[in-house]
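Trainee: Please read through the structure below; I'll follow up with questions.
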């Protein structure tokens, strides 16, 4: 691929770029193409999946250990005391089994690098894979949240500490996350039925159906959604359109006398 090709590709939208890259890769039919584009890729990582299933086997041994005197088919809740030592005993004869090295490295990392409890974290994993208890807190498990917070510090802030305390919420995916954010904005009276949402297209189809978020269960007023068919190759034009739409909305907002809304922290519920 030469510089001219790269120059042309820099003007493509993400959707067009994905299609162009797939077309280029498809030229070599004798080679296996790994496609990590939108949606599900055509490949997967086997290492964490091996680790997941080995974790499941260890978790089952923990459940069976708790109710050792019961009839076959009945297990108990895993106990955190001594669970790290029991995992080492479980892993020792399985060192060559795929997934064991991954699990051992993961537990070692969170213990030595993140300072998490040698028993509480593996117990959290075991309870999670068994599905034997309600998650607490429901938004995200305690030690899992600390691991993801560490990851976000590394990837988002370059290792700098995040200002203040940030609660993380595990959601089903990006669409669900957007839905929860807008529902929280509505519940906190920061948006209302009838407000206009400007959405640049092309866009992932579910994101364009935000209008259903703003229907009052009692009155079902229609919501107005503005879909601007923007040409993503003309970034200056996009900027002008977006600024115009924002200014028009701000003027309408002030005219309606809604500029007195107090600013404050969101409380998600």
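The values are calculated or read from the model by the stated rules, or taken from the named source; none is laboratory data. Fair warning: this is a prediction, and the values are worked out from it, not measured in the lab. All Cβ positions, even for glycine, are placed from backbone atoms using ideal geometry, and neighbour counts span all protein chains on display.
Trainee: Among what's in region 149-169 and is in contact with a helix residue (DSSP H, G or I) (Cβ under 8 Å, 6 or more places away or on another chain) and at pLDDT 85 or above, pick the residue that is farthest from residue 40 (Cα to Cα).
Mentor: Here the answer is 168.
Trainee: Still on this structure: From 30, 88, which residue is surrounded by fewer than 18 Cβ atoms within 10 Å (Cβ to Cβ) and modelled with pLDDT of 90 or more?
Mentor: Only one candidate qualifies: 88.
Trainee: Hey, can you tell me all the residues within region 177-197 that are in contact with a helix residue (DSSP H, G or I) (Cβ under 8 Å, 6 or more places away or on another chain) and outside any helix (DSSP H, G or I)?
Mentor: Across region 177-197, the qualifying residues are 191, 192, 193, 194, 195, 196, 197.
Trainee: Please determine, by comparing only the residues of region 60-77 that are in contact with a helix residue (DSSP H, G or I) (Cβ under 8 Å, 6 or more places away or on another chain) and outside any helix (DSSP H, G or I), which one is modelled with the highest pLDDT.
Mentor: Result: 77.
Trainee: Being in a loop (DSSP other than H, G, I, E, B) and buried (at least 17 other Cβ atoms within 10 Å of the Cβ) is the filter here; which residues of region 120-159 pass it?
Mentor: 140, 141 - these are the residues of region 120-159 that are in a loop (DSSP other than H, G, I, E, B) and buried (at least 17 other Cβ atoms within 10 Å of the Cβ).
Trainee: Quick one: in region 91-101, which of the residues that are crowded, with 17+ Cβ neighbours inside 10 Å and in contact with a helix residue (DSSP H, G or I) (Cβ under 6 Å, 6 or more places away or on another chain) is nearest to residue 48 (Cα to Cα)?
Mentor: 99
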